[in-house]
1. Hey, got the dipole for chain A? About the Cα centre, +1 on K and R Cβ, -1 on D and E Cβ, debye to the nearest 20?
2. According to the Cα gyration tensor, what semi-axes, each the square root of 5 times an eigenvalue, does the equivalent ellipsoid of chain B have, listed from largest to smallest in whole Å?
3. Tell me, what is the FRET efficiency for B:T13 and A:E38 to the nearest 0.05, using R0 = 30 angstrom and their Cβ-Cβ distance as r?
4. Among the listed pairs A:K57/B:K11; A:K57/A:K98; A:K59/B:K71; A:K70/B:K14, which have their C-alpha atoms separated by more than 32 angstrom in this model?
5. Using alpha carbons only, how many angstrom separate the centre of the range A:37-111 from the centre of the range B:22-49?
6. Can you pull a Stokes-Einstein diffusion coefficient for the protein assembly as shown at 4 °C (1.567 mPa s), Rh from Kirkwood over Cα pairs, as a whole number of µm²/s?
7. Using the Kirkwood radius over Cα pairs, work out the Stokes-Einstein diffusion coefficient for the range B:69-113 at 37 °C and 0.692 mPa s, in µm²/s as a whole number.
8. What is the Cα radius of gyration of the range B:1-58 over 2.2 N^0.38 Å, N being its residue count?
Amino acid sequence: TQLLEQSPQFLSIQEGENLTVYCNSSSVFSSLQWYRQEPGEGPVLLVTVVTGGEVKKLKRLTFQFGDARKDSSLHITAAQPGDTGLYLCAGANNQGGKLIFGQGTELSVKP
Amino acid sequence: DTGVSQDPRHKITKRGQNVTFRCDPISEHNRLYWYRQTLGQGPEFLTYFQNEAQLEKSRLLSDRFSAERPKGSFSTLEIQRTEQGDSAMYLCASSLSGGREQFFGPGTRLTVL
């Protein structure tokens, strides 16, 4: 059974601080996606990483896929209250197949 | 809006009743997925379709659960004889065949009393 472990599970920080969320597995994934979810809503796709070592930036968010395609990280610079939400990583074994999700990181950014 | 839509958004039912949820995918997407999410957890895969064919079912999908996609467009997920443990958010997603990216709907929140 493939598992994705996210850490930390909960993170409460002040506006302006930096943070990193980790997503780790003992299994190799063909791609990994990061989603953000607000209470009572579905996950919204932020980014997809495919190549080992790949780095993608989305404004203040930086996503990295591990060289062995078993782990990933999300770094947020100068966090803002609008970044508050549940961040989920999800791995896929092949294109178009099911996603395996981590348990999520609940981020709270206080003004 | 051409995103994934789900109906209803909320459903409260009594234990033992049957419920049915509907999902309308993004129009050009031929793959459709169902996931279940409980509080404090990430979504768990239930089943997926390519066009009208159901290609994979999770062992989480007990005999009380059935999903259909009769014309390869919208899909329904039915839960028979609901139990309190079925209370969760049921999420639908769609993608292009062979596409890596899945786009989620807003979910249906089920509460079984």
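The values are calculated or read from the model by the stated rules, or taken from the named source; none is laboratory data. Quick caveat, the model's predicted, so the values are computed rather than measured. Note that we place each Cβ from the backbone using ideal geometry, even for glycine, and neighbour counts take in every protein chain shown. Just so you know, the surface numbers come from the protein's heavy atoms only, side chains and all, with ligands and any DNA or RNA stripped out. Shrake-Rupley method; radii C 1.70, N 1.55, O 1.52, S 1.80 Å.
1. Working: 9 positive and 10 negative charges, 56 e Å.
Roughly 260 debye for chain A.
2. Working: eigenvalues 101, 40, 34 Å².
With the √(5λ) rule applied to chain B, the semi-axes are 23, 14, 13 Å.
3. On the way: r = 25 Å, r/R0 = 0.83.
For R0 = 30 Å, the calculated efficiency reads 0.75.
4. Numbers: A:K57/B:K11 39 Å; A:K57/A:K98 25 Å; A:K59/B:K71 41 Å; A:K70/B:K14 43 Å.
Among A:K57/B:K11; A:K57/A:K98; A:K59/B:K71; A:K70/B:K14, the Cα-Cα distance tops 32 Å for A:K57/B:K11; A:K59/B:K71; A:K70/B:K14.
5. 18 Å
6. Working: Rh = 18.0 Å.
Answer from the Stokes-Einstein relation: 72 µm²/s.
7. Values: Rh = 12.6 Å.
D, rounded to a whole number, is 261 µm²/s.
8. On the way: Rg = 13.3 Å, N = 58, 2.2 N^0.38 = 10.3 Å.
So the range B:1-58 has a normalised radius of gyration of 1.29.
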